[in-house]
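Every number here is computed from the coordinates shown, using simple stated rules; none is lab data. If you're wondering where the values come from, they're calculated on a predicted model, not measured in any experiment. With ideal geometry, Cβ positions are generated from the backbone for all residues, glycine too; neighbour counts draw on all protein chains shown.
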């Protein structure tokens, strides 16, 4: 008899954002007259930049012509895109990453979820608490945890690293040494950043203890502080211990277009084994490349026109973040993040739990946010708002929240 | 210390098609004057149909306008596409499959590779021999096999089901009962098909023994024989035991666009557990949806104009298959497949091994095919040619092979 992977049964409820989506759909069905404003899931709202649209149209025409039609993409992604990424995202910042260390994919979420496969089921992993759910859930599915303790809101066998107001939402180096360390900066959900000096300590720690850092830099485009690194490879020794994930979703509004990439340096080894060929093998066996037209769209993000247009888009969202941050601060909320990140992390008022505040916000202000407790127990009594709405909706949402 | 998943080390060499690609690149670099004709990897060559191109352009314009921009797609795929698929691919053929049993993805290869995750690591699986490498390799990576026996060309712990000229390349029901059974019809690589009566026996067997059939129907569009089922759900009881994979790659030339889907019936259970919520959870956690523009392109495949154009494309490739089949047959080759499938499966001449024939074909005829032994030990002394080339190339390739 076929048995299921019962690790899946350890997962409590559904994926966080699916739950939120369901609640919102139900609310809207029950109150069709209400205008619900979404600052929840972190989905962008600005249209694709003109340079990207132009590149897509051109690539579609190529696909419609026998002379220029493209079938299967190369396993690692098209050379034109990998070279462009290496040059603009790494060489230009003094990081020595070559095109063949870049694996193009359909998004950082998939890569963050799949990367654990190339490691042993015995590996002990550390995550920030609160944390983007994909890191933990994908490891639960793979059997790297014990059961879920619903009182503590934690899985047995995971090294949780509390991120609190006291430590500025940047965790301490863990005393219990993990094999794999997930870090995400600028952080989702707290919007916190890490300085280069702080990150260097993590790199040194990983190299000292033979841990691998899985560094999610999906929000690097939102950094304006020059002391904050855009890539972990700005730190000495990172190529010996770190994998990095990047996304076009929040950089260039590709949430509905799907493009990201993962960097695995050639010299990155653990226990004498290189990670590069393992990920290459996974890519070749269980994935079939991002669409050519989407890779051409990705290339356009780095063109002169594309860069200018994307800078304006990010500026727009950063202004949104400032409006939310300042508006809530003035209304007496305790707020963090939002300066080098598109997320504002606020303390719920009146001792409300995160879900109580979610319900209150949805019911009374018709605003959707994300309950902090959905990201881990140290997210309880916190709430995430995202800056990706349209200006009008952001202004209205802040006004409605402040009126509560 | 982080340890790797050492199951990856059991895999001999690289992914078959990566190896072929490398060999061909090396040959071309050494012989830049030669015109190499590719009948190997099974990649299409016809451009996207005009209806698909039109839908893509329209969708790109939507993405460039704030009013119609789309961000994250729904977890299971857009309703417009799932409804269209359910109607045209299932209801129209008398199969009772509802839109919410259809999970849209970026291709059947990914789904076939990922599906094993929702089953226990203890599950014993059966595959045809020869077989599309993804089924076995993805299970090796997950630890469902022992080590590779390089003499036998097999992994320990796998139920191999020989497909030979004697059984018409349709395997016998296995005596040792597997938990999971991978079937692919029309078959890759042999081009064989299964009749509805034959397939019904597999469904009955699976229901009797509580096995789950993982049915890859990526090539169903090539079926012309009315006795051959397009979907396993044409068989009674299949919704209780079978998952089905479908692809737009070979149906509509989407190899470079990436779109497919998996059907998991709501009532499909094993050991009392429904598979539907497990796959939904995987989709929600480790995947982020196919691009909106690609889903719109998929919808256009089912429009009146799209259907007509796609029928012509498939007709073109089927005519290619006929040319290869007849040409080789007349030249004295022993050939199979090619009638209801885009693949021709030929016996290598002169007792050559599959790779010897690959090298000879590449060196002497500058034609690329796929060595049968790359699909399993019963593929030794066989060779796969695909019908996806341009007419000119197919005619020339056949001529060159016949001249050998």
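Sorted by packing (mean other beta-carbon atoms within 10 Å per residue), highest first, where do B:241-247, B:329-335 land? The partial results should precede the final answer.
Values: B:241-247: 26.3, B:329-335: 14.4.
Peptide ranking by packing, descending: B:241-247, B:329-335.
Using a Gaussian network model of chain B whose springs link C-alpha atoms within less than 10 Å, name the residue from B:249, B:147, B:18 with the highest mean-square fluctuation.
Ranking B:249, B:147, B:18 by mean-square fluctuation puts B:18 first.
For chain B, modelled as a Gaussian network with Cα springs under 10 Å, which listed residue fluctuates most, B:176, B:101, B:117?
Answer for the Gaussian network model of chain B: B:176.
Just the ratio, please: alpha-carbon radius of gyration of region A:79-143 over 2.2 N^0.38 Å, N its number of residues.
Rounded to two decimals, the normalised Rg is 1.39.
Take every residue in peptide A:190-196, count the Cβ atoms of other chains within 10 Å of its Cβ, and give the average of those counts.
Details: counts 0, 0, 0, 0, 0, 0, 0.
Across A:190-196, the average partner-chain Cβ count within 10 Å equals 0.
Per residue of B:270-282, what is the mean number of Cβ atoms on other protein chains within 10 angstrom of that residue's Cβ?
Average neighbour count from other chains, rounded to a whole number: 4.
What residue among A:340, A:288, A:320 has the largest mean-square fluctuation in a Gaussian network model of chain A, using Cα springs under 10 Å?
A:288
Only bridges whose two residues both fall in the protein assembly as shown count here: according to DSSP, what percent of them are antiparallel, nearest 5? List each step's numbers first, then the result.
Working: 46 of 80 bridges.
Around 60 percent of the beta bridges assigned by DSSP in the protein assembly as shown are antiparallel ones.
Please state, as a whole number in µm²/s, the translational diffusion coefficient that the Stokes-Einstein equation yields for region A:225-276 at 10 °C and 1.306 mPa s, with Rh defined as the Kirkwood radius across alpha carbon pairs.
Roughly 125 µm²/s, to the nearest whole number.
Which value in nm describes the separation of the simple spin-label points at residue A:6 and residue B:79, placed 7 Å from the Cα toward the beta carbon?
That separation, rounded to one decimal, is 3.8 nm.
When a footprinting reagent is the concern and you count Cβ atoms within 10 Å, what order do B:403, B:70 take, fewest first?
Ascending Cβ contact count within 10 Å gives the list B:403, B:70.
Sorted from shortest, what are the nm distances separating the label point of residue B:307 from equivalent points in the other copies, each placed 7 Å from Cα along Cα to C-beta?
5.0
Helix-only estimate, please: 222 nm mean residue ellipticity of the protein assembly as shown, summing -39500 (n - 2.57) across DSSP H runs of length 4 or more and dividing by its residues, to the nearest 500.
-10500 deg cm²/dmol
For region A:158-316, take the convex hull of the Cα atoms, compute a quarter of its surface area, and give me that in nm², please.
10.9 nm²
Determine, for B:355, B:202, the number of other Cβ atoms within 10 Å of each Cβ, and report the residues in order from fewest to most.
Fewest-to-most Cβ neighbours within 10 Å comes out as B:355, B:202.
Under 1.5 on a/c is rounded, so check that first for region A:281-384, then, if it is not, pick prolate when a/b is larger than b/c and oblate when it is not; a ≥ b ≥ c are the square roots of the alpha carbon gyration tensor eigenvalues.
Details: a/c = 3.07, a/b = 1.65, b/c = 1.86.
Judged from the Cα gyration tensor, region A:281-384 comes out oblate (a/c at least 1.5, b/c at or above a/b).
Taking square-rooted eigenvalues a ≥ b ≥ c of the alpha carbon gyration tensor, is region A:1-114 rounded, prolate or oblate, where a/c under 1.5 means rounded and, failing that, a/b exceeding b/c means prolate?
Cα axes put region A:1-114 in the prolate bin.
What share of the DSSP beta bridges in region A:53-303 is antiparallel, in percent to the nearest 5?
The antiparallel proportion sits near 45 percent.
Mind checking the mean number of beta-carbon atoms from other chains within 10 Å of the Cβ atoms in A:38-48?
3
If each label sits 7 angstrom from Cα along the C-beta direction, how far apart, in nm, is residue A:349 from its counterparts in the other copies?
Label-point distances to the other copies, shortest first: 8.5 nm.
If you average the C-alpha positions of region A:248-265 and of region B:122-186 separately, how far apart do those two centres end up, in angstrom?
With region A:248-265 and region B:122-186 each reduced to a Cα centre, they are spaced 36 Å.
What ranking do A:42-51, A:84-93 get when scored by the average of other Cβ atoms within 10 Å per residue, highest first?
Numbers: A:42-51: 21.7, A:84-93: 17.4.
With the highest mean Cβ count within 10 Å placed first, the list reads A:42-51, A:84-93.
Distances longer than 35 Å among the Cα atoms of the protein assembly as shown: what percent of all pairs is that?
Value for the protein assembly as shown: 47 percent of Cα pairs lie more than 35 Å apart.
Work out how far the C-alpha atoms of region A:53-303 reach from end to end along every principal axis, then list the three figures in whole Å, largest first.
Between the extreme Cα coordinates on each principal axis of region A:53-303 lie 59, 39, 37 Å.
Calculate, in nm to one decimal, what residue A:26 and residue A:195 gain on full extension: separation in residues at 0.36 nm each, minus their alpha carbon distance.
On the way: separation 169, 0.36 × 169 = 60.84 nm, distance 4.19 nm.
Roughly 56.6 nm would be gained on extension.
Using a 7 Å offset from Cα along the direction of the beta-carbon, what are the separations from residue B:174 to the same position in each other copy, nm, ascending?
From this label point to the equivalent ones elsewhere in the assembly: 3.8 nm.
Once the piece of chain linking residue A:58 and residue A:172 is laid out straight, how much longer is it, given 0.36 nm per residue of separation minus the C-alpha distance between them?
Extending this stretch completely gives an extra 36.2 nm.
So what is the relative contact order for chain B, in percent, with contacts set as C-alpha pairs under 8 Å and at least six apart?
Relative contact order comes out at 23 percent.
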